[in-house]
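One structure is given here, and the rest of the page talks about it.
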Amino acid sequence: MVNINKLKGKIVEQGMTIEELARIIGVNKSTLYRKIQNKGETITIKEANLICKALNLSGEEVIAIFFSDHVVKQGSACPVRGQS
């Protein structure tokens, strides 16, 4: 499950809105709002990768936001940054 509160916090920290993030990652703003309302359960790996890049997330931030329930924290490299 995605930590939506942390994701929203990073969006605000970067001075963005959900609408701007949606435009940057190439999805409709309504779609992104719906995915967030659904606790991020339908965010794809590709979308997570684009969000990671758009928000310039560190590896620790990516894990805390997208993988906190699934992965033990280790290293600092963004686990999805190198994927296309």
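The values are calculated or read from the model by the stated rules, or taken from the named source; none is laboratory data. Everything numeric here is computed off the predicted structure, so don't read it as measured data. When we count neighbours, we look across all protein chains shown, and the Cβ atoms used for this are built from the backbone with ideal geometry, even at glycine.
When the residues of segment 20-34 are narrowed to those that are in a helix (DSSP H, G or I) and without any contact (Cβ under 8 Å) to a residue 12 or more places away in the chain, which ends up nearest to Asn49 (Cα to Cα)?
Ranking the candidates gives Ala22 first.
Filter segment 1-19 for residues that are out of contact with any helix residue (DSSP H, G or I) (no Cβ under 8 Å at 6 or more places or on another chain), more than 18 Å from Gly59 (Cβ to Cβ) and either among the polar types (S, T, N, Q) or in a helix (DSSP H, G or I) (or both) and give the result.
Within segment 1-19, Asn5, Val12 meet the criteria.
What about Gly40, is it closer than 14 Å to Phe67 by Cα, small (Gly, Ala, Ser) and either crowded, with 18+ Cβ neighbours inside 10 Å or touching a helix residue (DSSP H, G or I) at 6+ places or on another chain (Cβ under 8 Å) (or both)?
yes
Within segment 21-32, is even one residue surrounded by fewer than 16 Cβ atoms within 10 Å (Cβ to Cβ), hydrophobic (A, V, I, L, M, F, W, C) and modelled with pLDDT of 90 or more?
So far as segment 21-32 goes, yes, one or more of its residues are surrounded by fewer than 16 Cβ atoms within 10 Å (Cβ to Cβ), hydrophobic (A, V, I, L, M, F, W, C) and modelled with pLDDT of 90 or more.
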